[in-house]
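The values are calculated or read from the model by the stated rules, or taken from the named source; none is laboratory data. Every value quoted in this text rests on a predicted model; they were computed, and no experiment measured them. Please note: Cβ atoms are built from the backbone with ideal geometry, for glycine as well, and neighbour counts cover all protein chains shown.
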Amino acid sequence: MKIDLHTHILPERWPDLAAKYGYGGFVALDHLGPDQVLGCCRARMVIDGKAFRTVEENCWNPLSRLKDCDALGVHAQVLSTVPVMFNYWARPQDTLDLSRFLNDHIAGVCREFPRRFAGLGTIPMNAPQLAIKELERCVRDLGLAGVQIGSNVNGVNLGDPSLHEVFAAAEDLDACVFVHPWDMLGATFHQTPDRPAPPSANPRYADYWLAWLVGMPAETCLALSSVLFSGMLDRLPKLRIGFAHGGGSFPGTLGRIDHGCHARPDLCQTATRRPPREHLRGSGADPTRASSVYVDSLVHDAHALRELVRVFGPDRVALGSDYPFPLGEERPGAIIDSIPEFDAPTRAALLYTTALEFLGPASGPLRA
């Protein structure tokens, strides 16, 4: 069995958000029709008339996704929105309204194919009280397993006290939280309540796709480190929080981060006395202590995956492909399958049992 924890989906169509909310900066989907060469329908993702990505129908068509899953040997996918749809920069009520629309869509797909899809909602993290209410609706009314959130909220790190109550609500609801990088390090946020606007990317990322290749791993490392150093997991020991792209650059930076706690505890350990390694299942931590921290397997390299499993433990690493985007793993689980020293229990954990544990109660239909 293979369960892909990290996949993205969009509705096929949605209203003109700029017209609906009265200002620009929102994504529109410009359908192009069937491609004469590829033989599938395509669409352009557009912001304020400027196209930035072309997607194929497997980004919105569940039947197309299932055809790919069957061809790739994937039993089930966990669906979440495309991170550009977070829109934390927008007015909170507008972010909430769009979140509800996206969540209703994902829940509908999961209801139609309950043994093939599980869902993660999106919530207006720019307004914690609204985020909590939508999180409750996602879990209690829509049957979603939890939520996907961005790696920061308009430049505020996830460990900031202003966001703690959202994570506390997730723990109370037994809902998982999956963190995906967006608005990478160095972005400029335009906080203008009269006319909100999306953040501007750091110009140092402008060339060579560096925002995705370098910015995303660094942003994820920052988010994970902020959570660990903030003491959040001391206060919320039952929270299940996962990080995309193998935790970004965190595994390769862990030695330096952990050393910093010993070298300058006066700077690093102002909110927790537990060094980062003690929060992880592997890497010398107490094996009997449950770890709150999960990562997906999307590291694109067998040596990196071996290290990821050593640091986090196989029961905290779940298959993730970033389907259907080109920076993902084209054949989900191929690197896992390529490592001969992974024994059967390790392989099973990486391919599906860790994902089931992370999803929690909502994973029931996938177990059938």
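Quick rundown of the values:
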read-out: Inter-residue pairs, beta-carbon under 6 Å, first more than 20 Å from G360 (Cα to Cα) and in segment 108-135, second part of a strand (DSSP E or B), 6+ apart; value: M125/I149; M125/V153; N126/V153
read-out: Evaluation of P251 against (1) of a type outside the set (D, E, K, R); (2) in a helix (DSSP H, G or I); (3) under 25 Å from W209 (Cβ atoms); (4) touching a Gly at 6+ places or on another chain (Cβ under 6 Å) (one fails), failing number; value: (4)
read-out: Given (1) within 25 Å of T7 (Cβ to Cβ); (2) surrounded by fewer than 18 Cβ atoms within 10 Å (Cβ to Cβ), number of the condition V177 does not satisfy; value: (2)
read-out: Boolean, G242 is in a strand (DSSP E or B) and either in contact (Cβ under 8 Å) with a residue 60 or more places away in the chain or of a type in the set (G, A, S) (or both); value: yes
read-out: Check on A304, at pLDDT 95 or above and part of a helix (DSSP H, G or I); value: yes
read-out: Sole residue being at pLDDT 95 or above, within 19 Å of H105 (Cβ to Cβ) and aliphatic (A, V, I, L, M), chosen from L66, L72; value: L66
read-out: Test result for S162, hydroxyl-bearing (S, T, Y), modelled with pLDDT of 95 or more, surrounded by 17 or more Cβ atoms within 10 Å (Cβ to Cβ) and in contact with a helix residue (DSSP H, G or I) (Cβ under 9 Å, 6 or more places away or on another chain); value: no
read-out: Filter pass, L267 being assigned to a helix (DSSP H, G or I) and buried (at least 18 other Cβ atoms within 10 Å of the Cβ); value: no
read-out: Odd one out for D35, checked against (1) over 30 Å from P365 (Cα atoms); (2) of a type in the set (D, E); (3) crowded, with 16+ Cβ neighbours inside 10 Å; value: (3)
read-out: Criterion violated by A223 - all others in (1) out of contact with any Phe, Trp or Tyr (no Cβ under 8 Å at 6 or more places or on another chain); (2) closer than 26 Å to A90 by Cβ satisfied; value: (1)
read-out: Where a residue in segment 16-30 is more than 14 Å from A90 (Cα to Cα) and its partner, wherever it lies, is loosely packed, with under 12 Cβ neighbours inside 10 Å and acidic (D, E), with Cβ under 9 Å and at least six apart; value: A28/D16
read-out: Some residue of segment 78-98 being within 18 Å of R331 (Cα to Cα), at pLDDT 95 or above and touching a Phe, Trp or Tyr at 6+ places or on another chain (Cβ under 7 Å); value: yes
read-out: Single residue of N126, N154 found to be polar (S, T, N, Q), more than 18 Å from G248 (Cα to Cα), over 14 Å from the mean Cα position of the chain (by Cα) and crowded, with 19+ Cβ neighbours inside 10 Å; value: N126
read-out: For G333: the one exception among (1) on the phi < 0 side of the Ramachandran plot; (2) touching a residue at least 12 places away in the same chain (Cβ under 8 Å); value: (1)
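Yes/no matrix, rows are residues, columns are (1) over 18 Å from the mean Cα position of the chain (by Cα); (2) not in a loop (DSSP other than H, G, I, E, B):
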| site | (1), (2) |
| --- | --- |
| C138 | no, yes |
| I149 | no, yes |
| G159 | no, no |
| E165 | yes, yes |
| E171 | no, yes |
| F178 | no, yes |
| M184 | no, no |
| P193 | yes, no |
| P198 | yes, yes |
